[in-house]
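Just below is one structure, and these are the notes that go with it.
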Amino acid sequence: MCCHCYSLKEINIPANVRIIGDNCFEDCQKLRNVMISPGVERIEWCGFEKCRELRSVFIPDTVTFIDRSAFSECTLLTELHWEGKVHAVELRLESHRDLSQAIFMLNRNTLTDSFDIGLKYLIILGVYRETESSDAFAFIKKNYIKMARHFIENDCVENLTLLAQYSEFTSRKRLNELIRLAEQYENQRICDLLIGMK
């Protein structure tokens with residue numbers, strides 16, 4: 001729709017739009033601010049790819065899917081206000097394949113806490129899954145329980161399952177710790193899942 005538009009600087013996407021389609025705003029070189037109204041449900045493949053001036057995006061909790069390439073190569077993105085749950089996102093920042101770059105982006109002070117914590121963990125898991133980065137390994141090993149606690153607290157079953165499946169981090173003792181965490185948060189569904197993995 002607006003692919004390669006070199007004049008568009010900001011946009012407010014109205015509530016009657018349900019899907020931001022493939023490549024919809026790709027390579028909008030001057031696009032800096034995006035407001036997405038409640039009602040939008042999906043941001044598809046490369047929706048905002050290569051919007052290298054994009055600084056700020058508001059995403060409501062009605063959005064249940066963000067394609068992994070939706071914001072790839074948005075190198076100046078520093079404010080991503082997202083009200084949805086972490087497990088709704090399947091995201092790989094293709095322009096931040098290096099772990100230190102990904103963490104640098106996610107540690108900027110302007111990012112909201114939900115994005116900073118939840119997506120940082122997902123990106124690091126993704127980096128490890130795709131590259132077996134030694135930096136990612138060290139981070140996961142050090143922060144394993146903190147990551148698991150976040151996933152249990154936010155009922156992110158898929159993410160916790162992904163984390164627990166890495167045998168290099170998850171011993172029987174660790175599984176017992178996770179079960180105790182699930183009991184502490186009174187999450188029987190996750191508790192039963194973890195017991196089944198023992």
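Exactly one residue out of GLU183, GLU158, GLU168 is in a helix (DSSP H, G or I) and either buried (at least 20 other Cβ atoms within 10 Å of the Cβ) or at pLDDT 85 or above (or both): that is GLU183. The residues on offer are LEU54, LEU111, LEU77, and the sole one that is at pLDDT below 65 and part of a loop (DSSP other than H, G, I, E, B) is LEU111. How many residues, within the stretch 16-73, are open to solvent by less than 30 Å² (accessible area, probe 1.4 Å), within 14 Å of the chain's Cα centre (by Cα) and among the hydroxyl-bearing types (Ser, Thr, Tyr)? So the answer is 2.
The values are calculated or read from the model by the stated rules, or taken from the named source; none is laboratory data. Since this is a predicted model, take the numbers as computed values, not measurements. Neighbour counts are summed over all protein chains in view; Cβ atoms, including those assigned to glycine, are modelled from backbone coordinates with ideal geometry. Side chains included, ligands, DNA and RNA excluded: accessible areas come from the protein's heavy atoms. Shrake-Rupley method; radii C 1.70, N 1.55, O 1.52, S 1.80 Å.
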